[in-house]
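Some notes on the structure that comes next.
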Amino acid sequence: MRSALSTLELKRPRSVDEALDALHQSIAGRRLTPLAGGTDLFVYLNAGTFEGRRFLDLTRLSELSRIRLGPAGVRIGALATFRAIRTHKVLRGRFPALAAAAAEVGAWQIQSRATLAGNIANASPAGDSLPVLLAHDATVHVRSVRGARAIEFARLYRGYRDLDLAPDELITEIELPEPPKGAVPFFRKVGTRRAQSISKVVFCGLAAQGKGGALEHVRLAYGSVAPVPLRATRAEQALAGRKVSAAAAAAARKALAEDIAPIDDIRSDREYRMAVAGNVLEQFLRTLG
Ligand SMILES: Cc1cc2nc3c(=O)[nH]c(=O)nc-3n(C[C@H](O)[C@H](O)[C@H](O)COP(=O)(O)OP(=O)(O)OC[C@H]3O[C@@H](n4cnc5c(N)ncnc54)[C@H](O)[C@@H]3O)c2cc1C
């Protein structure tokens with residue numbers, strides 16, 4: 001690590017209130033950076049791309065690790081790790097797309113440390129859990145000394161790596177409502193290889209079928225195809241109310257081209273991402289049809 005640990009300052013609060021106080025007080029001076037699993041922050045420190053030297057270690061805040069399931073859905077503590085998510089039997093049964101995404105974040109070592117809130121706050125458009133949260137209409141609960149706030153996940157990102165989160169706010173919980181009865185979830189990450197790669201395209205679909213097979217509650221959410229993770233709303237509209245068919249799939253694929261704006265970068269190129277985004281959409285439709 002380029003930055004010797006001894007030059008870093010670590011505050012280790014024992015309660016959320018203590019953490020929020022410390023964060024708030026630090027704003028005027030040398031800011032504290034919340035530190036959860038450290039799987040993003042340590043990479044930036046090691047690369048010398050992160051200037052912060054003061055950290056607020058959240059790991060003692062065990063109340064933020066809880067996963068609470070109820071009839072209306074699930075509330076997942078900010079510090080819940082991907083390992084906790086993928087191994088939680090009930091959660092896995094009720095929100096299989098989230099468990100599938102958790103199982104594809106790095107390898108076991110990373111999953112044992114990396115948290116859901118860290119994935120959200122890191123705000124990479126390639127974050128694997130983010131399309132799942134979009135498809136499930138998630139709400140992000142945040143707190144500061146000024147009070148609590150609930151943010152629709154779909155409105156959290158204002159632009160590339162730009163979050164609607166004040167410097168003294170902490171993410172405390174992520175809430176996913178129970179999907180409509182019969183809704184089918186689907187998750188697919190496409191990377192350079194099957195495991196341990198950053199996604200070229202990451203996708204989560206969710207849809208139910210009503211009378212006569214008409215598609216309802218259609219959610220098509222993507223990562224790595226725009227500056228922020230997004231829902232392909234035009235493609236969703238092209239499918240809503242229709243039965244799964246080759247014509248419906250073709251219409252959705254055409255509309256998708258208006259929804260997403262993939263770029264060429266070191267991991268892939270625009271053309272490949274466009275093709276794959278359409279392919280995973282069709283793969284999802286085949287699981288419904
Ligand atoms: C080898 C390796 C492989 C990886 N593979 C993947 C992958 O396949 N898919 C993927 O999506 N990611 C991957 N990552 C990235 C990383 O593991 C995830 O983004 C992870 O979820 C980050 O969580 P963390 O708890 O480690 O966050 P940290 O590194 O602790 O923090 C990340 C950011 O979130 C902020 N933060 C953390 N918690 C809170 C909170 N409660 N409130 C407000 N801000 C907060 C921090 O201040 C920081 O800005 C990989 C990383 C490594 C090193």
Length-normalised contact order of the chain in % [C-alpha pairs under 8 Å, at least 6 apart]: 14 percent
How large is the Rg to Rh ratio of the stretch 139-178 when both quantities use alpha carbon positions and Rh follows Kirkwood? 0.97
So what is the diffusion coefficient of the stretch 34-130 in µm² per second by Stokes-Einstein at 10 °C and 1.306 mPa s, using a Kirkwood Rh over Cα pairs? 114 µm²/s
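So, with +1 on the Cβ of K and R and -1 on the Cβ of D and E, and no other charges, what is the size of the charge dipole of the stretch 27-70 about its Cα centre, to the nearest 20 debye? Mind dumping the intermediate values first?
Numbers: 7 positive and 4 negative charges, 34 e Å.
Dipole of the stretch 27-70, to the nearest 20 debye: 160 debye.
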Between the stretch 257-289 and the stretch 41-63, the alpha-carbon center distance in angstrom: 33 Å
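Please get the size of the charge dipole for the stretch 20-131, origin at its Cα centre, with Cβ charges of +1 on Lys and Arg and -1 on Asp and Glu, quoted in debye to the nearest 20. Display every interim value, and only then the final one.
On the way: 14 positive and 7 negative charges, 73 e Å.
The dipole of the stretch 20-131 has a size of about 360 debye.
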For the stretch 114-131 versus the stretch 227-252, the gap between their alpha-carbon centres in whole angstrom: 24 Å
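Based on the Cα gyration tensor of the stretch 140-289, what are the three equivalent ellipsoid semi-axes, each the root of five times an eigenvalue, rounded to whole Å and given largest first?
Working: eigenvalues 161, 93, 35 Å².
For the stretch 140-289, the ellipsoid semi-axes come out as 28, 22, 13 Å.
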The chain: translational diffusion in µm²/s, Stokes-Einstein, Kirkwood Rh over Cα pairs, 37 °C, 0.692 mPa s: 166 µm²/s
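I need the shape label for the stretch 84-126. Rule: rounded when a/c is under 1.5, else prolate if a/b > b/c, else oblate, with a, b, c from the alpha carbon gyration tensor. Please list the in-between numbers first.
Values: a/c = 2.03, a/b = 1.50, b/c = 1.35.
The shape class here is prolate.
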Across Gly191, Gly210, Gly182, the residue with the highest GNM fluctuation in the chain (Cα network, 10 Å cutoff) is Gly182
GNM flexibility winner over the chain from Gln209, Gln111, Gln196 (Cα, springs under 10 Å): Gln196
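Which pairs, out of Lys189/Lys254; Lys181/Lys243; Lys89/Lys254, put more than 27 Å between their alpha-carbon atoms? It would help to have the intermediate numbers written out before the result.
Details: Lys189/Lys254 21 Å; Lys181/Lys243 18 Å; Lys89/Lys254 38 Å.
The pairs that break the limit, which is 27 Å between Cα atoms, are Lys89/Lys254.
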Please name which of Leu288, Gly118, Thr33 has its Cα lying farthest along the dipole of the chain towards the positive end, using unit charges on Cβ (Lys, Arg +1; Asp, Glu -1) and the Cα centre as origin. Leu288
If every Lys and Arg gets +1 and every Asp and Glu gets -1 at its Cβ, then about the Cα centre the chain yields a dipole, in debye to the nearest 20, of 680 debye
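Using only alpha-carbon positions, what ratio does the radius of gyration of the stretch 221-289 give when scaled by 2.2 N^0.38 Å? Don't skip to the end; give the middle numbers.
Working: Rg = 12.0 Å, N = 69, 2.2 N^0.38 = 11.0 Å.
It is 1.09.
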Output for the stretch 12-77 (equivalent-ellipsoid semi-axes, sqrt of 5λ from the C-alpha gyration tensor, Å, descending) is 26, 17, 9
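Taking only the alpha-carbon atoms of the stretch 68-172, what semi-axes of the equivalent ellipsoid follow from 5 times the gyration tensor eigenvalues under a square root, in whole Å, largest first? Please list the in-between numbers first.
Values: eigenvalues 94, 51, 34 Å².
Semi-axes (√(5λ), whole Å): 22, 16, 13.
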Run through every distinct alpha carbon pair of the stretch 105-164 and return the Kirkwood hydrodynamic radius in angstroms, one decimal place. 12.5 Å
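Values in this text are rule-based calculations from the coordinates and carry no lab data. Bear in mind the structure is a predicted one, so any value in this text is a computation, not a measurement. Cβ coordinates were reconstructed from backbone atoms using ideal geometry, including for glycine residues, and neighbour counts include every protein chain displayed.
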